[in-house]
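Accompanying notes for the structure given below.
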Amino acid sequence: MDNIQWYPGHMTKTKRMLAAQMGIIDVVIELLDARVPLSSRNPDIDTLAKDKKRVLVLNKADLADEKVTALWEEYFKKQGFFALSVNATENDKAKSGKAKLISVLKKIMSEKVERQKQRGRINSPIRAMIVGIPNVGKSTFINQLAGRASAIAADKPGVTRGRQWIKVGGEFDLMDTPGVLWPKFDDPLVGLRLACTGAVSDNVFDKITLVTHLLEIFISIDPAILEKRYKISVAESDNLLEAIGNARGFKMKGGVIDSERTAITVLDEFRGGKLGRISLETVTK
Ligand code: G4P
């Protein structure tokens, strides 16, 4: 993992920037990947946002096992977070996460209004910020919350960027730029899982290592995941990667199975949701 040594310097700068912006923020919305909720968390946010209301949004829920995601929501709520699951790419308003988030923000807002009333203050809107590791879907989710028109307007050349706020649900102000934090790589398993979901570069691990890890997880969940997709028998296969390559006809000269091509295919198909909705991390406690 030598090629990720530049992260610490980069993280320090980002953390300083985020800390400076926190003063005007009431709510920190942390986006996680529903397939790997623990690995996609950055523990620095706990420090940066320690005095803020915290909302954990399990994004990409369309790719994760619904039942497992529900358990994660429960798990995080028990720890004192607001938690919800969304699909930031969903166009259907009824199914998107926007309404769910607005209802959580309304709850938080009513508490703030109550506090302000008690102190005899005038009610001010709540300000929220979205943070998360790269590729977790921050921009997509902001676009979903803002609506297409605002997103396009903000991207027009010549439009002043600076600090802009997007009104969500007519009541809440959302900072238009997400806070980007790098994942923690202290635990090699975290890096491995994030590489499997495509959140970090494929180059840190070789593809066979990634797929070997994925295959183990699939087998532990249900061998039928592989049997259905690749028409193989898990029980009768000594080497699953070879069995999949053979089933797909990925053969090189001399009839040798092209493991690299097989690994790339399995990875792409997992990431694209073609193997079904699969969570790589489950609640253990
Ligand atoms: P970021 O700002 O946090 O870095 O993430 P971004 O919104 O750019 O999203 C990263 C990729 O994840 C995008 O795919 C986006 O479409 C996809 N994505 C975001 N939210 C969801 C979701 O809820 N469900 C699914 N299935 N996909 C989601 P992309 O443009 O194809 O990028 P890439 O996959 O080529 O990296």
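Is it the case that Val68 is at pLDDT 95 or above, under 26 Å from Asn42 (Cβ atoms) and either open to solvent by 50 Å² or more (accessible area, probe 1.4 Å) or assigned to a strand (DSSP E or B) (or both)? Criteria not met by Val68. Check region 218-229 and report whether any residue there is touching an Asp or Glu at 6+ places or on another chain (Cβ under 9 Å), more than 29 Å from Met17 (Cα to Cα) and outside the structural domain of Leu48 (by TED's automatic domain parsing). Yes, that holds for at least one residue. Given the condition in contact with a Gly (Cβ under 9 Å, 6 or more places away or on another chain) and more than 30 Å from Ala70 (Cα to Cα), answer yes or no: does some residue in region 215-233 qualify? No, the conditions are met nowhere in region 215-233. Sub-7 Å Cβ pairs linking a first residue in region 224-236 that is under 12 Å from Asn246 (Cβ atoms) to a second residue that is among the hydrophobic types (A, V, I, L, M, F, W, C) and assigned to a helix (DSSP H, G or I), at least 6 apart or interchain, are Tyr230/Ile244; Tyr230/Ala247; Lys231/Ala247; Ile232/Leu226; Ile232/Ala243; Ile232/Ile244; Ile232/Ala247, ordered by first then second residue. I'd like the full set of residues that are on the phi < 0 side of the Ramachandran plot, within 16 Å of the ligand (Cβ to nearest atom) and polar (S, T, N, Q), limited to region 112-143. Within region 112-143, Ser139, Thr140, Asn143 qualify. Scanning region 252-262 for residues that are part of a helix (DSSP H, G or I), free of Cβ contacts under 8 Å to residues at least 40 places away in the same chain and open to solvent by 60 Å² or more (accessible area, probe 1.4 Å) turns up Lys253, Gly254, Arg261. Among the helices (runs of 4 or more DSSP H) confined to region 93-209, the ones with at least 1 residues that are open to solvent by 50 Å² or more (accessible area, probe 1.4 Å), at pLDDT below 90 and in the same structural domain as Arg16 (by TED's automatic domain parsing) are located at 98-118, 148-155.
Looking across region 237-251 at every residue that is surrounded by 13 or more Cβ atoms within 10 Å (Cβ to Cβ) and in a loop (DSSP other than H, G, I, E, B), the one that is modelled with the highest pLDDT is identified as Phe250. Determine, yes or no, whether Leu280 is part of a helix (DSSP H, G or I), buried (at least 19 other Cβ atoms within 10 Å of the Cβ) and touching a residue at least 24 places away in the same chain (Cβ under 8 Å). No; evaluated as a whole, the condition is false for this residue.
Of the numbered criteria (1) farther than 22 Å from Leu38 by Cα; (2) open to solvent by 40 Å² or more (accessible area, probe 1.4 Å), the one Thr265 fails is (2).
Residue check: Val57 meets all listed conditions (1) under 13 Å from Leu145 (Cβ atoms); (2) within 13 Å of the ligand (Cβ to nearest atom); (3) surrounded by fewer than 21 Cβ atoms within 10 Å (Cβ to Cβ) but one, namely (3).
Of the residues contained in region 215-236, none is found to be within 16 Å of the ligand (Cβ to nearest atom) and not in a loop (DSSP other than H, G, I, E, B).
The values are calculated or read from the model by the stated rules, or taken from the named source; none is laboratory data. This structure is a prediction, so every number in the text was calculated from the model and none was measured. No Cβ is skipped: glycine too gets one built from the backbone with ideal geometry, and neighbour counts run over all protein chains shown. For the accessible areas, the whole protein counts, side chains as well, though only heavy atoms, and no ligand, DNA or RNA atoms are used. Shrake-Rupley method; radii C 1.70, N 1.55, O 1.52, S 1.80 Å.
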